[in-house]
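Report on the following structure.
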Amino acid sequence: QVHLTESGGGLVQTGGSLTLSCTASGRVFDLNVMGWYRQAPGKQRELVASISDRGRANYADSVKGRFTISGDFDKSTVHLQMNSLEPEDTAVYYCNANLRVAKWGISRDYWGQGTQVTVSS
């Protein structure tokens, strides 16, 4: 019903930049929040940044001042600009969307398949 397509991961050196993009397609009726989570080997998945349909952004303390999230909810798209990348940012990054697929439906979370970000020292 809903599919999240991610792009933009890759390998970068310390101090470099990457931009992740994600688009939700399918039965997207009411998109509430989009965001990015990440999971490093041996660690739990954690929130990196999210943005609401009203433009309110939320960031993990570890990325404040380095990462910027932006959204185009008319296009069901979110971007994550990542600057000053550090080896500690290495992880699989997952796109998340909280949305309804019908007017009378319940909002639920959908996930992308993940994109690898590797920062070399």
**Prompt:** Each residue of region 61-71 in turn: what ³J(HN,Hα) in whole Hz from Karplus with 6.51, -1.76, 1.60 and θ = phi - 60°, glycine and Pro shown as x?
**Reply:** 4, 5, 10, 4, x, 10, 10, 9, 9, 9, x
**Item:** Phi-based couplings in Hz for region 84-92 (Karplus 6.51, -1.76, 1.60; Gly and Pro marked x)
**Value:** 6, 5, 10, x, 5, 7, 4, 4, 8
**Message:** Can you tell me the length gained on complete extension of the stretch S84 to L47, counting 0.36 nm per residue apart and subtracting the Cα distance?
**Reply:** 11.5 nm
**Request:** Could you calculate the FRET efficiency of N58 with L11 from 1/(1 + (r/R0)^6), where r is the beta carbon distance between them and R0 is 25 Å, rounded to 0.05?
**Result:** 0.35
**Item:** Antiparallel DSSP beta bridges within the chain, percent to nearest 5
**Value:** 90
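Could you give the length gained on full extension between D109 and D74, defined as 0.36 nm per residue of separation minus the Cα-Cα distance, in nm?
Gain on stretching D109 to D74: 10.8 nm.
No lab work stands behind these numbers, since they all come straight from the coordinates. All of these numbers come straight from a predicted model, not from anything done at the bench. Cβ: placed from backbone, ideal geometry, glycine included. Neighbour counts: every protein chain shown.
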